[in-house]
Amino acid sequence: MPIDQRKVIEALGGARSVQGMNAEAKAEALEAYLSNQLDNSVFVRLGAPSKPMTVRELDKRIDQRPLRRGVGTLFASGGTNPFGTRLPNEPVNVPRLAPMPAQPDLLDFFRLRFAPAMHVLQSADTALAAGVPEDIVLACLLHDVGQTLMKADHGWWAAQLFEPYVSRKVAFAIRYHQALRFYPDPSVGYEYPQLYNLIFGTDYVPPPHIAAAYQYCRNHKWYMAARLITINDLYSFDPNHIVDPAKFTDIIGRHFKQPKEGLGNDNSPVAHMWRTIVNPDAPL
Ligand SMILES: [Fe+2]
Ligand SMILES: [Fe+2]
């Protein structure tokens, strides 16, 4: 990676600040700078702006985008990231979706609608390797797939989508991970994700419903279930960490109540949400 000395000094607080650092502090500051730069370049490839913006600057761009940033990923080409930008390799038109089996189960959705789902698969795999209880591994596996339907308030959408089929604790964890991720918890090594400066703006303050949800969750007996999702939520995506959803077949079997009629056909209060994912091309 090319290093522009002037930019580095500027990023470390200017020449005077750098002169005041001892060798160790300089090395640490440089390491932090380089790792930030590396992360940023990955995020830029994923559609992020090349430099962090303020909330106001991001807001100004709303009517300069063809897509609303909260759009579900299934509904527009270029809806795959939270930045509201179409990636260079994304076509203008939406792709044709593969037909689903008549009685689809959760793994069919992973294969045919949620794919590539790399983020949740890697998160669940990380949780599994860390020895997290398997119901929470399932929560990690499901925590962001509601974004196929809607990115805005995705924790609530996803919790609702899964509520009839998972334990109350798993639904709770999925719902509240959305609020929790804004709030560090040093006792478990969770820090505010740098990525959020790019997504939400450098001076972003979570809205009242998120702050209230955080307070509620923080004092709840299942706080750690939701916190474990954020701990295993990966903000850097490793293209070489390929995980087959089938790896979680047994965990799904034990913790997800698959309706025998197939998801979308069971007349549950959320069946229409699954049908919408099956056929987002339905005009009305
Ligand atoms: Fe999330
Ligand atoms: Fe996530």
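A few points about this structure:
- Note on Val92 and Thr249: the model spin-label points, each 7 Å out from Cα along the C-beta direction, lie 4.3 nm apart.
- As computed over the chain, the Cα convex hull volume per residue (Å³): 167
- Computed in the context of the full set of protein chains, the accessible area of the stretch 202-284 at 1.4 Å probe radius has 57% of its extent on carbon or sulfur.
- Among Ala15, Pro99, His119 the positive-end extreme of the charge dipole of the chain (Cβ point charges): Pro99
- Net +/- balance of residues flanking Asp59 in space, Cβ distance below 12 Å, scoring K and R +1, D and E -1: +2
- Placing +1 on the Cβ of every Lys and Arg and -1 on the Cβ of every Asp and Glu, with no other charges, gives the stretch 84-203 a dipole of roughly 320 debye about its Cα centre.
- Placing R0 at 25 angstrom, the Cβ-Cβ distance between Tyr216 and Tyr192 gives a FRET efficiency of 0.80 after rounding to 0.05.
- When each of Lys151/Lys260; Lys60/Lys247; Lys60/Lys169; Lys51/Lys169 is checked by Cα-Cα distance, pairs over 32 Å: Lys60/Lys247; Lys60/Lys169; Lys51/Lys169
- Think of each Lys and Arg Cβ as +1 and each Asp and Glu Cβ as -1; about the Cα centre, that makes the dipole of the stretch 162-262 roughly 540 debye.
- Per residue solvent-accessible surface (Å²) - the chain, probe of 1.4 Å: 55
- Percent accessible area from carbon and sulfur atoms, the stretch 99-188, protein chains only, probe 1.4 Å: 57
- Accessible heavy-atom area order of Arg65, Arg227, Arg254, highest first, probe of 1.4 Å: Arg254, Arg65, Arg227
- Sites matching trypsin sites (Lys or Arg not before Pro) across the stretch 70-133 that sit in DSSP coil, with at most 16 neighbouring C-beta atoms within 10 Å: Arg96
- Rounded to the nearest 20, the Cβ-based charge dipole of the chain about its Cα centre (Lys and Arg +1, Asp and Glu -1) stands at 580 debye.
The values are calculated or read from the model by the stated rules, or taken from the named source; none is laboratory data. Just so you know, these numbers come straight off a predicted model, no measurement behind them. Glycine gets a Cβ as well: all are built from the backbone with ideal geometry, and neighbour counts include every protein chain shown. The accessibility values were calculated without ligands, DNA or RNA, using every heavy atom of the protein model including side chains. Shrake-Rupley method; radii C 1.70, N 1.55, O 1.52, S 1.80 Å.
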